[in-house]
There are 2 protein chains.
Amino acid sequence: MENFKNLLEIIKKRKSIRGYLNKEVEKEKIDYILEAFRLAPSARNLQPWKVIIVDDKTLINKLVIACKNQTFIGEAPIVLVACAIEKEAYGTMGGYFNSYPVDIGIAFEHLILAATEQDLGTCWIGAFYENEVKKILGVPEDVRVVALTPLGYPNDSGRDRPRKPIKEIISHNKY
Amino acid sequence: MENFKNLLEIIKKRKSIRGYLNKEVEKEKIDYILEAFRLAPSARNLQPWKVIIVDDKTLINKLVIACKNQTFIGEAPIVLVACAIEKEAYGTMGGYFNSYPVDIGIAFEHLILAATEQDLGTCWIGAFYENEVKKILGVPEDVRVVALTPLGYPNDSGRDRPRKPIKEIISHNKY
């Protein structure tokens with residue numbers, strides 16, 4: 001973090017990286033970002049999750065196809081796959097919905113911000129076919145694949161994407 | 001961040017805070033944490049969200065009841081309510097599921113980590129009755145309330161909660 005003044009600087013640096021160098025990621029960096037995931041909060045602290053670390057090139061190439069041919073994913077030395085064990089999650093968030101997508105949102109973003117801090121590139125992948133990914137990685141039927149990200153050194157600086165002005169996304173004491 | 005060596009230190013400091021001081025939160029701090037939310041990534045950058053900032057004591061007391069009488073929420077000067085506009089979110093994440101709970105998980109955790117960095121306390125609230133919260137705050141029928149948090153200066157140091165060992169939550173090239 002020596003390079004970052006505060007959390008907001010890390011948040012601003014994080015971009016969807018769609019080009020990767022052919023360069024290995026150091027084990028210490030991988031351990032660091034997995035620790036950021038591991039320590040995430042989850043509903044009732046149930047931690048209903050698992051991360052699959054994919055570095056086998058044949059599997060990565062299959063994942064590219066399952067991710068609607070987003071070919072840049074295949075440039076990365078590693079793809080991380082965030083899985084949720086739905087039945088182990090908190091089933092009555094808000095009274096009636098399952099917490100697992102929120103849990104994964106939190107924890108995987110910890111990992112992604114930690115990767116950004118370590119000068120690594122990532123890209124939240126939501127465009128994929130869950131059943132195809134599950135077949136490729138042997139994910140059990142009752143486990144959900146919520147998201148993936150390539151992980152590696154960026155060969156692309158990412159794009160600045162516009163955000164809604166603050167006034168559009170807040171309100172005071174009523175919706 | 002002067003006080004934090006790196007992101008992992010902020011992550012480690014974040015705990016569920018269940019006691020709050022009767023002390024106002026500075027506007028600059030509120031602006032900072034909302035900015036952390038605003039800049040969050042979301043599926044296709046759709047930003048399908050809104051945060052309701054509740055500081056009216058009568059409303060907060062009603063929210064306590066809608067949150068299954070978690071009375072500590074009523075100690076906080078502010079309650080933040082994370083809403084999702086389901087129909088504006090990415091509807092085919094993984095091929096067929098709606099991204100909004102993941103989107104809110106990401107953005108609300110940005111806010112919560114930013115609050116931690118600013119020495120403020122928060123607590124992800126998942127135990128609430130969505131329809132009750134919606135009635136209290138006039139949230140439209142087709143908008144979802146995904147989570148809440150009290151926000152204020154801590155009067156409680158929080159508990160360390162155990163996490164699964166890393167070996168239990170990762171696997172290599174297959175589930």
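Throughout, read-outs are computed from the coordinates displayed, never taken from laboratory work. Owing to the predicted nature of the structure, the values given are computational and were not obtained by experimental measurement. Cβ placement follows ideal geometry from the backbone for every residue including glycine, while neighbour counts extend to all protein chains displayed.
Rounded to whole Å, the principal axis extents of the Cα atoms in the protein assembly as shown read 59, 41, 38, largest first.
Compactness ratio of the range B:105-165: Cα Rg over 2.2 N^0.38 Å, N = residue count?
With N residues counted in the range B:105-165, Rg over 2.2 N^0.38 Å equals 1.34.
Backbone geometry of the range B:79-95 corresponds, through the Karplus equation with coefficients 6.51, -1.76 and 1.60 at θ = phi - 60°, to 3J(HN,Hα) couplings of 10, 9, 10, 8, 10, 10, 8, 3, 6, 8, 7, 6, x, 10, 5, x, x Hz, x marking Gly and Pro. The Cβ shell under 15 Å around A:GLY138 holds other residues with a net charge of +1, Lys and Arg each +1, Asp and Glu each -1.
Note on A:LEU46 and B:ARG159: the model spin-label points, each 7 Å out from Cα along the C-beta direction, lie 1.8 nm apart. Near A:ARG44: Cβ cut-off under 11 Å, other residues only, Lys/Arg at +1 and Asp/Glu at -1. The net charge is -1. For chain A, the membrane-span-like helix rule (DSSP H, alpha carbon extent of at least 20 Å along the helix axis, mean Kyte-Doolittle at least 0.5) picks out A:100-117; this says nothing about an actual membrane.
In the range B:61-121, what chymotrypsin sites (Phe, Trp or Tyr not before Pro) fall in a loop by DSSP, with at most 10 other Cβ atoms inside 10 Å?
Filter output for the range B:61-121: B:TYR96.
Projecting label points 7 angstrom from Cα along Cα→Cβ for A:LYS27 and B:LYS27 puts them 5.3 nm apart. Note: the range B:1-75, Cα convex hull, 153 Å³ per residue.
Relative contact order of the range A:1-156, taken over Cα pairs closer than 8 Å and 6 or more residues apart, is 36 percent.
The GluC sites (Glu not before Pro) of the range A:125-175 that meet both conditions, a loop assignment by DSSP and at most 13 other Cβ atoms within 10 Å of the site Cβ, are A:GLU141. Extending 7 Å from the Cα toward the beta-carbon at both A:THR92 and B:ASP56 defines two label points whose distance is 2.9 nm.
Computed on the Cα trace of the range B:61-133, the radius of gyration divided by the Kirkwood hydrodynamic radius gives Rg/Rh = 1.03. With Rh defined as the Kirkwood radius, the inverse of the mean 1/r over Cα pairs, the Rg/Rh of the range B:23-175 is 1.00.
Count the net charge of all other residues whose Cβ sits under 10 Å from the Cβ of B:TYR129, scoring Lys and Arg as +1 and Asp and Glu as -1. Net local charge, B:TYR129 excluded: +1. Need the C-alpha centroid separation for the range B:89-109 versus the range A:3-46, integer Å. Cα centres, the range B:89-109 to the range A:3-46: 19 Å. Taking every residue in B:32-40 and counting other chain Cβ atoms within 10 Å of its Cβ, the average works out to 5.
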